[in-house]
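Please read the structure below before turning to the comments.
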Amino acid sequence: MGHGEGVSLDRLRNSMGEAVFNDYFYRANLEEEDSRYPRAVARAKRYIDNNFASHCDLDKIADFANLNPRYLLRLFKQHIGITPTRYLWRLRAEKGVYLLHQSKLSVYQIAEQCGFQSAHHFSRHIKEQYGLPPTNLRQATKNRNPFEFNRDVPDVRY
């Protein structure tokens with residue numbers, strides 16, 4: 001970057017510094033969160049967080065965590081409070097509701113980006129978890145935080 005001067009160079013330096021700073025704290029937060037769980041559980045959770053949009057099954061998650069699937073189920077439920085599959089579906093739904101609220105993407109596009117098999121599957125799942133189909137949920141949460149809306153809806157078992 002050199003020692004040049006100018007407004008654009010200063011902005012670039014500031015932006016890069018801010019990006020490095022934000023990345024540092026993001027990674028520190030991940031490490032702190034991971035330290036609350038056994039390493040294998042943290043690896044499984046991180047795998048789900050990073051791959052929720054693709055085909056993700058218990059065997060793949062267990063392989064990544066270097067555990068037997070049944071043992072992973074028991075450990076994950078013990079430390080996270082739900083099964084890995086339930087965590088995956090909850091994450092997909094949360095990401096879907098976030099996109100409904102924050103984007104103009106169609107229900108089909110959101111379903112695809114969140115790892116659902118079809119728009120119908122996404123719609124059915126969102127209606128079960130949040131009490132409204134996606135288009136109605138989008139309208140109902142237009143001026144509110146969509147995650148506050150979920151507080152009124154009972155938890156759905158998977």
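Taking every residue in region 101-126 that is buried (at least 17 other Cβ atoms within 10 Å of the Cβ) and pairing it with any residue that is of a type in the set (Phe, Trp, Tyr) and not in a loop (DSSP other than H, G, I, E, B), at least 6 positions away or on another chain, the pairs with Cβ-Cβ distances below 6 Å are Ala111/Phe122; Phe116/Phe122.
Kindly provide the set of residues from region 38-71 that are hydroxyl-bearing (Ser, Thr, Tyr) and surrounded by 15 or more Cβ atoms within 10 Å (Cβ to Cβ), ordered by number. Even if it seems obvious, please write down each step before you answer.
Here is the first cut: in region 38-71, the ones hydroxyl-bearing (Ser, Thr, Tyr) are 47, 54, 71.
Correct list: Tyr47 only.
Of a type in the set (Val, Ile, Thr), modelled with pLDDT of 95 or more, closer than 20 Å to Tyr130 by Cα and assigned to a helix (DSSP H, G or I) - does that describe any residue in region 103-112? I'd like the intermediate steps shown before the answer.
Kept after step one, since they are of a type in the set (Val, Ile, Thr), are these residues of region 103-112: 107, 110.
Remaining after also requiring modelled with pLDDT of 95 or more: 107, 110.
Cutting the leftovers down to closer than 20 Å to Tyr130 by Cα gives us 107, 110.
Checking the rest, the ones that are also assigned to a helix (DSSP H, G or I) come to 107, 110.
Within region 103-112, one or more residues are of a type in the set (Val, Ile, Thr), modelled with pLDDT of 95 or more, closer than 20 Å to Tyr130 by Cα and assigned to a helix (DSSP H, G or I).
For region 72-90, the condition holds for at least one residue, the condition being that it is more than 16 Å from the chain's Cα centre (by Cα), open to solvent by 30 Å² or more (accessible area, probe 1.4 Å) and farther than 17 Å from Asp49 by Cα.
The values are calculated or read from the model by the stated rules, or taken from the named source; none is laboratory data. Just so you know, these numbers come straight off a predicted model, no measurement behind them. Positions of Cβ are backbone-derived with ideal geometry, glycine not excepted, and every protein chain shown enters the neighbour counts. Keep in mind that these areas ignore ligands, DNA and RNA; they rest on the heavy atoms of the full protein, side chains included. Shrake-Rupley method; radii C 1.70, N 1.55, O 1.52, S 1.80 Å.
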